[in-house]
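A quick write-up on the structure given underneath.
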Amino acid sequence: MTEAPVERHEIEAFLALAEELHFGRTGARLGVSQGRVSQTIKGIERRIGAPLFDRSSRRVALTSLGRQLRTELEPHHRGIQEAISRATETARGLTGRLAVGYTAAWNGSLLLRAVDRLRTRHPECSVEILEDSYGATSRSLRSGRVDLHLAELPVEEPGITVGPTVCTAPRALAVPADHPLATRDTVGLEDLTLAPLIRPAGMSQVFLDAHFPQHTPGGRPVPPGPVAASWQDFLTLVGSGRGVTPTCTLAAAFYARRDVVYVPFRDAPPIRYALLWPTRTAGAKVHAFARAVTDVAAAG
């Protein structure tokens, strides 16, 4: 006897519960009752022949089989959603507004060239470029303030797609103008032991480990400095002698100050920038702009 195919609403209920791990929130998200969600999941489990969730009065958790099913289903479900979205927008024409955020000033011209490229291809699609505050990438994407964001890597956020690297920039260390490091032609990662390292507030540990390490490659501890909430806070703290902070060599042209010197690193990898977008809501406009940015960056 052939099993009945799993319906789309069943797949969506499973994936939503796998993310929320709460029947009430899943029902609210899908616009159905909590009981309907429970009934749907039980139906899938009966068809498979094993539980997908461990349930108790306090918590809901995926079983090992449930985790396997989620891992295998998610990319296919996402691909179907994106294909339908692209087909719908293609049928309607790429129209309407697209908001794109960035934090590094030196990436603004790249985005503006991509806007020109997109308008040539899709003249009815308008793009707004928005400068964002340091560390606000995920918040802006999740709140819907922007549809895409050009940001420093690494970024590992659930529900956020990381596109390919579109540009890179050499690293530098911003130091007080009267600090001994300011007279150097270059600095090395081991030199991070020579001054407190100013770190950003609200950034993931993955990002901090990549840009604001607690130890040098040789294992020596990096002295912690104050925490900054914005790029202007960083510069103010550096200029007043409170510490040093990593950035890129392009910062010297965009944020020149008499009390701050930017010294290139000789042994640090370049900073990589990529476009990010919300996985669930990305449509044809997002992918069209991502292609425009990639094309412009490749052209130089």
Practice task
Would you calculate a helix-derived [θ] at 222 nm for the chain, using -39,500 (n - 2.57) for each DSSP H run of n ≥ 4 and dividing by the full residue count, to the nearest 500?
Solution key: -12500 deg cm²/dmol
Practice task
Please give the net charge around GLU19, taking every other residue with its beta carbon less than 13 angstrom from that of GLU19, where Lys and Arg add +1 and Asp and Glu add -1.
Solution key: +3
Fill in the blank from the handout: Probe 1.4 Å, all chains present, heavy atoms only: PHE212 accessible area in Å², nearest 10, is 10
Exercise for the section: Counting only DSSP beta bridges with both residues in the chain, tell me the antiparallel percent, nearest 5. Expected result: 60
Completion exercise
For the stretch 259-267, Karplus-derived ³J(HN,Hα) couplings (6.51, -1.76, 1.60; θ = phi - 60°; whole Hz; x for glycine and proline) come out as 9, 10, 10, 9, 10, x, 7, 9, 9
Problem - Stokes-Einstein diffusion coefficient of the chain, Kirkwood radius over Cα pairs, 20 °C, 1.002 mPa s, in µm²/s - result: 96
Problem - In nm, spacing of pseudo-spin labels at THR95 and THR281 (7 Å Cα→C-beta vector) - result: 2.1
Handout entry: For the stretch 49-157, share of DSSP beta bridges that run antiparallel, in % to the nearest 5
Key = 25
Fill in the blank from the handout: In terms of the alpha carbon gyration tensor, root eigenvalues a ≥ b ≥ c, rounded if a/c is under 1.5 and otherwise prolate when a/b exceeds b/c or oblate, the stretch 57-183 is oblate
Completion exercise
Note on the chain: contact order normalised by length, alpha-carbon pairs under 8 Å, 6 or more apart, percent, works out to 22
Fill in the blank from the handout: Reported to the nearest 10 Å², CYS125 has, with a 1.4 Å probe, an accessible area equal to 0
Exercise for the section: Find how many whole Å separate the alpha carbon centroid of the stretch 38-81 from the alpha carbon centroid of the stretch 246-300. Expected result: 38
Problem - Pairwise label distance in nanometres, ARG272 with SER143, each label 7 Å out on the Cα-Cβ vector - result: 2.9
Exercise for the section: Quick one: which residues, 5 or more positions from CYS248 or on another chain, have an amide H under 5 Å from its amide H? H modelled 1.01 Å from N in the peptide plane, none for Pro or chain starts. Expected result: ALA172
Completion exercise
Answer in debye to the nearest 20: the dipole magnitude of the chain about its Cα centre, from +1 Lys/Arg and -1 Asp/Glu charges placed on Cβ, is 600
Problem - Taking N as its residue count, the alpha carbon Rg of the stretch 211-300 over 2.2 N^0.38 Å - result: 1.46
Handout entry: Selection from THR120, THR137, LEU110 lying farthest towards where the dipole of the stretch 91-174 points positive, charges on Cβ
Key = THR120
Exercise for the section: Leaving ligands, DNA and RNA out of it, work out the accessible area of ASP185 with a 1.4 Å probe and give it in Å² to the nearest 10. Expected result: 140
Handout entry: GluC sites (Glu not before Pro) restricted to DSSP loop in the stretch 151-235 with at most 14 other C-beta within 10 Å
Key = GLU156
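The values are calculated or read from the model by the stated rules, or taken from the named source; none is laboratory data. Quantities reported herein were computed from a predicted structural model and do not represent experimental measurements. We place every Cβ from the backbone using ideal geometry, glycine too, and count neighbours over all the protein chains shown. The accessibility values were calculated without ligands, DNA or RNA, using every heavy atom of the protein model including side chains. Shrake-Rupley method; radii C 1.70, N 1.55, O 1.52, S 1.80 Å.
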